[in-house]
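The values are calculated or read from the model by the stated rules, or taken from the named source; none is laboratory data. Here the structure is a predicted model, which is why all the values come from computation and not from measurement. When we count neighbours, we look across all protein chains shown, and the Cβ atoms used for this are built from the backbone with ideal geometry, even at glycine. SASA here: full protein model, heavy atoms, side chains in, ligands and nucleic acids out. Shrake-Rupley method; radii C 1.70, N 1.55, O 1.52, S 1.80 Å.
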Amino acid sequence: MNFRRLFLGSSALALLAPGAALAQATDATPQTAAADTDTIVVTAQFRSQNLQDTPLAITAVNAAMLEARSQTSIQDVANQAPSVTLKPQGAAYGPALGANIRGVGQFDFNPALEPGVGFYVDDVYYATLTGSILDLLDLDRVEVLRGPQGTLAGRNSIGGAVKLYSKKPEGSNSGYVSGTYGSRNRVDLRASADFNVAEGFDVRISGVAKKQEGYVKRYDFGCMYPAGGTATFTPAFPTTANPTMAPQLMNPVGGIPARTNRSDCLLAKEGEVNYIAGRAQLRFRPTDTLDINIIGDYTDDDRVAAGSVLLLRTYPNGVVASPRFPLPLIPATGSSPAQNYATASPAGRDINPFAAPDTLLAYDNRFICGNYCNFATYDNPADGNFRASTADGRVRFTGWGVSGQVEWELADNIQLNSITAFRKYTSNFSNDNDVSPMAHSLGYGPLTFRFFSQELRLNGSIGETIEYTLGGFYSDQKSVYTSFQDLRSSNLQFQQSDPVDADSKALFAHVAWKPIDKLTLTGGIRYTKESKTYQYIRQRPYLDPTSVTANGVLPLNGTIGKYSGERVDYRANVQYAFTDDVMAYAQFSTGFKGGGVNPRPFFVQQALSFGPETLDSYELGLKTDLFDRKLRVNIATFLSKYKGIQLSLGNCTAITGAGFGAPCALPVNAGDADIKGVEIEATIRPVDGLSIDGSLSYIDFEYKRFGTYTTGTTTVAVGGPTNLNGPQFGDYAPFTPKWKWSLGAQYEIDLGKAGSLTPRIDASYQSKVYTVSSNRPSNRIDAYAVANARLTWRNADEDLDVSLEVTNLFDEYYLLTIYDQTTGGQGYSNGQPGRPREWAVSVKKKF
């Protein structure tokens, strides 16, 4: 593996790495996608521009290149985009996407928290991370804008923005049908048709259905190791009952009963795919000056939860942190002032509902199954004051949306654009975070969401030297998160149904002035005002008036938290074209992510608000087409001043007083950081038919200051040497790799009347990342490299493709995400493995 990484890394550097291999987004084949690199068109500045003439750091990929790279979901695009991380979340966060660009983002699905990367489909803003795992269905192109887009995209695009643009109806009476079969009975069906109904009235419809068995097996522990059997294991840490870590029975008498009679003891296969989606567009052009496009879409995602594996992880002092419960006192040796990595679990926090005593049956490494399996049950039996609770371990997401877009040319140099949209979804998911049969923590329930937005833009020009855009934006949203929480490790069991109302208003202006032919000066400003109301509904489990397990949270019931704020963002850009093929720019831009209210208070004292975070970015960029456009190199370097960083404290033991300590999940404005980086993208076409593309990024994230947090008479630092349970100087923001690169190459072999044959290979690498702001071994994802390969035959008429693809070519084992609750004294860390090596055969027919 080290040799492969060295080889791939050396190749990347030798080729200047970079790239976004790019072409104008059309129905081009993968070959023309690679060859047409001088005609990329983007709309990042509210009007169509050649990518090389746009003074922004943008990765743009057309539909043909997405297909050539075997990319079918939005998270796949991040593999080739420098400084960009997009990850499907694990079971704890349901059908949500985590996003980070240039060290800024968000990975918590809760709609009370704002995303740090804006997602847009056909210029419609997607307001939550839930529902953002988007299939790349019938797309024209994807644009990834890096750096704050405060004036261009608005609120919550502080790290950047990801924009998807679908193909518009043209009345071409054309379309395609494609089918795929592959590993674990993978079946994908896709189709699209574009047809004319009447003069000026065109329709385009598209759909996708995907199904595949999961790759992480959920086994029945009691079936594999019957209670009272002779199987043993060696504990990973000493206990009072077993100080020498002598072998113990895996499942003692009175232990975990079997749940299935299957000979293979299999309960489910996690990481399943079972997805259908469709989109319909009606385009009406009654005159040459009016273009009306109405889009409707629907998604149904019904599958087993994301794959999870229990991890053996340690605290920074080497003491086992996961899996381990109850926890002893684990002091941080030598810390000043004296601190603990874990506080001893309070009496009464019993997660063993079985007859076997805790000395023989504890939450420990016996429940570590392997790289692609677990022993989760999604079932907590009744025990003492706790009622039984059961979930099905599935994800069910249904969502739909409709938008109306109007482009009206009021005059030769003035155009009015209107974008009206409504979206609604229900996300029902469950999570067994301890990934074991023990009654540690279990949650399940639906999240409902609806969102309305209206945007108006007036684009115009004055003579040949000035272009401008004036606009306004309004949005209104409401979500309700209803769930049953069985948190016996925290001595809590309750149900909730929390409504959150939020709205946002904005006015913006954007002006570009060319005082001389080669120089363009651009300025932008946006004013945003937003508000949010969070109501806490906390009730006893099953509304049982005799239950005492919700007593700790009942004082929250009916409590209302509020947040409101306003912000002005700026952008100033100087762009100079040295030649038609060489352009440089310098830019200052700002962005912000809205504040809010803590969505997960375990006690009424934790129902607190937090403020927005802000970012000021200085950027220099160079875009070039060299050697008769055989080589394209785009470079960006930046310095970002990141202030009021929003981080969630998983451990509040540094805060004294009732209602703090653990459990805790308190969002705070943690402090400030400087982020420096460089990004390179390149495409090389040395000879006809051969295209090589790559990307390279480096990020230096440095905390400059940690804020303090005051409650009552107590003031503590959020992080640093006086609070080892928070982030430390030298830590990186979650999911921020220091190094990231990609490399891809393809060559079209002309077979004459037999058509063409195009092999392609892609490789991507990211250095280690941490998934929690407090960087620890328990939440470290080690560096990894993944390669994909594809071979496509196309007939001479270019209307039939047959492709063979292999993803994760070298069968690399790696983790996508880690959900680490060892920092909060919960004693577990679980990971979501990436998919193993898979193969697939696809056939596509155009008509």
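For region 405-413, does any single residue satisfy the condition of being surrounded by 15 or more Cβ atoms within 10 Å (Cβ to Cβ), modelled with pLDDT of 95 or more and not in a strand (DSSP E or B)? No, region 405-413 contains no residue that is surrounded by 15 or more Cβ atoms within 10 Å (Cβ to Cβ), modelled with pLDDT of 95 or more and not in a strand (DSSP E or B). Among strands (runs of 3 or more DSSP E) entirely within region 665-710, having at least 1 residues that are open to solvent by 50 Å² or more (accessible area, probe 1.4 Å) and at pLDDT 95 or above singles out 671-684, 690-706.
When you check residue 243 against the structure, is it in a loop (DSSP other than H, G, I, E, B) and in contact with a helix residue (DSSP H, G or I) (Cβ under 8 Å, 6 or more places away or on another chain), yes or no?
Against the criterion (in a loop (DSSP other than H, G, I, E, B) and in contact with a helix residue (DSSP H, G or I) (Cβ under 8 Å, 6 or more places away or on another chain)), residue 243 does not qualify.
For region 736-775, a residue qualifies if it is at pLDDT 95 or above and hydrophobic (A, V, I, L, M, F, W, C), and the qualifying residues are 739, 741, 743, 745, 749, 751, 754, 757, 761, 763, 769.
Please tell me if residue 559 is open to solvent by less than 10 Å² (accessible area, probe 1.4 Å) and under 30 Å from residue 477 (Cβ atoms).
Details: open to solvent by less than 10 Å² (accessible area, probe 1.4 Å): no; under 30 Å from residue 477 (Cβ atoms): yes.
Against the criterion (open to solvent by less than 10 Å² (accessible area, probe 1.4 Å) and under 30 Å from residue 477 (Cβ atoms)), residue 559 does not qualify.
Set side by side, the residues 322, 308 differ, and just one is over 30 Å from residue 209 (Cβ atoms), touching a helix residue (DSSP H, G or I) at 6+ places or on another chain (Cβ under 9 Å), in contact (Cβ under 8 Å) with a residue 12 or more places away in the chain and buried (at least 21 other Cβ atoms within 10 Å of the Cβ), which is 322.
For region 458-471, how many residues are among the β-branched types (Val, Ile, Thr), open to solvent by 40 Å² or more (accessible area, probe 1.4 Å) and part of a strand (DSSP E or B)?
First pass over region 458-471, keeping only residues among the β-branched types (Val, Ile, Thr): 462, 465-466, 469.
Those still in the list that are open to solvent by 40 Å² or more (accessible area, probe 1.4 Å) too: 462, 465-466.
If we keep only those that are part of a strand (DSSP E or B) too, we end up with 462, 466.
Qualifying residue count, region 458-471: 2.
Collect the residues in region 246-295 that are outside any loop (DSSP other than H, G, I, E, B), more than 22 Å from residue 205 (Cα to Cα) and in contact with a Pro (Cβ under 9 Å, 6 or more places away or on another chain), keeping them in residue-number order. Give the steps one after another, and end with the answer.
Applying the first criterion (outside any loop (DSSP other than H, G, I, E, B)) to region 246-295 yields 248-249, 266-270, 273-287, 290-295.
When the remaining residues are screened for being more than 22 Å from residue 205 (Cα to Cα), the result is 248-249, 266-270, 273, 287.
If the condition is that a residue be outside any loop (DSSP other than H, G, I, E, B), more than 22 Å from residue 205 (Cα to Cα) and in contact with a Pro (Cβ under 9 Å, 6 or more places away or on another chain), then 248 is the only one that fits.
Residues of region 176-234 that are in a helix (DSSP H, G or I) and not small (Gly, Ala, Ser): 184, 185, 221, 223, 224.
Condition check ((1) surrounded by fewer than 20 Cβ atoms within 10 Å (Cβ to Cβ); (2) closer than 30 Å to residue 528 by Cα; (3) modelled with pLDDT of 95 or more; (4) of a type in the set (Ser, Thr, Tyr)) across all residues:
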position: 388; (1), (2), (3), (4): yes, no, yes, no
position: 416; (1), (2), (3), (4): yes, yes, yes, no
position: 421; (1), (2), (3), (4): no, yes, yes, no
position: 424; (1), (2), (3), (4): yes, yes, yes, no
position: 436; (1), (2), (3), (4): no, no, yes, yes
position: 439; (1), (2), (3), (4): no, no, yes, no
position: 448; (1), (2), (3), (4): yes, yes, yes, yes
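Taking the conditions (1) more than 30 Å from residue 269 (Cβ to Cβ); (2) surrounded by fewer than 16 Cβ atoms within 10 Å (Cβ to Cβ) in turn, residue 841 satisfies each one other than (1). Whether any residue in region 599-608 is at pLDDT below 95, under 30 Å from residue 533 (Cα atoms), assigned to a strand (DSSP E or B) and among the small types (Gly, Ala, Ser) is what I want to check. Scanning region 599-608 turns up no residue that is at pLDDT below 95, under 30 Å from residue 533 (Cα atoms), assigned to a strand (DSSP E or B) and among the small types (Gly, Ala, Ser). For region 338-368, taking the residues that are within 19 Å of residue 778 (Cβ to Cβ) and of a type in the set (Ser, Thr, Tyr), the one that is modelled with the highest pLDDT is identified as 363.
Being free of Cβ contacts under 8 Å to residues at least 24 places away in the same chain, buried (at least 16 other Cβ atoms within 10 Å of the Cβ) and closer than 30 Å to residue 440 by Cα, is that true of even one residue in region 600-608?
Narrowing region 600-608 to residues free of Cβ contacts under 8 Å to residues at least 24 places away in the same chain: none.
There is no residue in region 600-608 that is free of Cβ contacts under 8 Å to residues at least 24 places away in the same chain, buried (at least 16 other Cβ atoms within 10 Å of the Cβ) and closer than 30 Å to residue 440 by Cα.
Pull up region 194-208, narrow it to residues that are surrounded by 16 or more Cβ atoms within 10 Å (Cβ to Cβ) and among the small types (Gly, Ala, Ser), then point me to the one that is nearest to residue 431 (Cα to Cα). Top of the filtered list is 207.
Filtering region 225-267 to residues that are surrounded by 19 or more Cβ atoms within 10 Å (Cβ to Cβ) and more than 15 Å from residue 363 (Cα to Cα) leaves 225, 227, 265, 267. Would you confirm whether or not region 808-823 contains a residue that is within 25 Å of residue 176 (Cα to Cα) and assigned to a strand (DSSP E or B)? No, every residue in region 808-823 fails to be within 25 Å of residue 176 (Cα to Cα) and assigned to a strand (DSSP E or B).
A quick yes/no check of all residues on (1) under 30 Å from residue 419 (Cβ atoms); (2) in contact with a helix residue (DSSP H, G or I) (Cβ under 8 Å, 6 or more places away or on another chain); (3) open to solvent by 60 Å² or more (accessible area, probe 1.4 Å):
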position	(1), (2), (3)
274	no, no, no
288	yes, no, yes
301	yes, no, no
313	no, yes, no
344	no, no, no
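From the list 137, 164, 152, the lone residue that is in contact (Cβ under 8 Å) with a residue 40 or more places away in the chain, surrounded by fewer than 24 Cβ atoms within 10 Å (Cβ to Cβ) and over 26 Å from residue 525 (Cα atoms) is 137.
Has region 779-800 got at least one residue that is of a type in the set (Lys, Arg), open to solvent by 20 Å² or more (accessible area, probe 1.4 Å) and at pLDDT 95 or above? Quick ask: steps written out before the conclusion?
Taking region 779-800 as the starting set, the residues that turn out to be of a type in the set (Lys, Arg) are 780, 790, 794.
Next cut, open to solvent by 20 Å² or more (accessible area, probe 1.4 Å) only: 780, 790.
This time we only want the ones that are at pLDDT 95 or above, so: 780, 790.
Yes, the conditions are met somewhere in region 779-800.
For region 116-125, filtered to residues that are within 21 Å of residue 418 (Cα to Cα) and under 13 Å from the mean Cα position of the chain (by Cα), the residue that is surrounded by the most Cβ atoms within 10 Å (Cβ to Cβ) is 118.
Go through the residues of region 360-375 one by one and say whether even a single one is open to solvent by 60 Å² or more (accessible area, probe 1.4 Å), more than 30 Å from residue 811 (Cβ to Cβ) and either touching a helix residue (DSSP H, G or I) at 6+ places or on another chain (Cβ under 6 Å) or among the polar types (S, T, N, Q) (or both). Among the residues of region 360-375, not one is open to solvent by 60 Å² or more (accessible area, probe 1.4 Å), more than 30 Å from residue 811 (Cβ to Cβ) and either touching a helix residue (DSSP H, G or I) at 6+ places or on another chain (Cβ under 6 Å) or among the polar types (S, T, N, Q) (or both), which makes the answer no.
Quick grid of which residues meet (1) open to solvent by less than 10 Å² (accessible area, probe 1.4 Å); (2) assigned to a loop (DSSP other than H, G, I, E, B); (3) of a type outside the set (S, T, N, Q):
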site: 730; (1), (2), (3): no, yes, yes
site: 736; (1), (2), (3): yes, yes, no
site: 753; (1), (2), (3): no, no, yes
site: 759; (1), (2), (3): no, no, yes
site: 765; (1), (2), (3): no, no, yes
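Do we find that residue 439 is in contact with a strand residue (DSSP E or B) (Cβ under 7 Å, 6 or more places away or on another chain) and outside any loop (DSSP other than H, G, I, E, B) in this structure?
Considered against the rule, which asks whether it is in contact with a strand residue (DSSP E or B) (Cβ under 7 Å, 6 or more places away or on another chain) and outside any loop (DSSP other than H, G, I, E, B), residue 439 comes out as no.
Scanning region 472-516 for residues that are without any contact (Cβ under 8 Å) to a residue 60 or more places away in the chain, of a type outside the set (A, V, I, L, M, F, W, C) and either surrounded by 21 or more Cβ atoms within 10 Å (Cβ to Cβ) or out of contact with any Gly (no Cβ under 9 Å at 6 or more places or on another chain) (or both) yields 472, 474, 476, 478, 485, 496, 499, 501, 503, 514, 515.
So, residue 215, is that one under 31 Å from the mean Cα position of the chain (by Cα), open to solvent by 40 Å² or more (accessible area, probe 1.4 Å) and of a type outside the set (Lys, Arg) or not? No.
Residue 170 meets the conditions (1) within 29 Å of residue 86 (Cα to Cα); (2) open to solvent by 50 Å² or more (accessible area, probe 1.4 Å) in every case but one. The failed one is (1).
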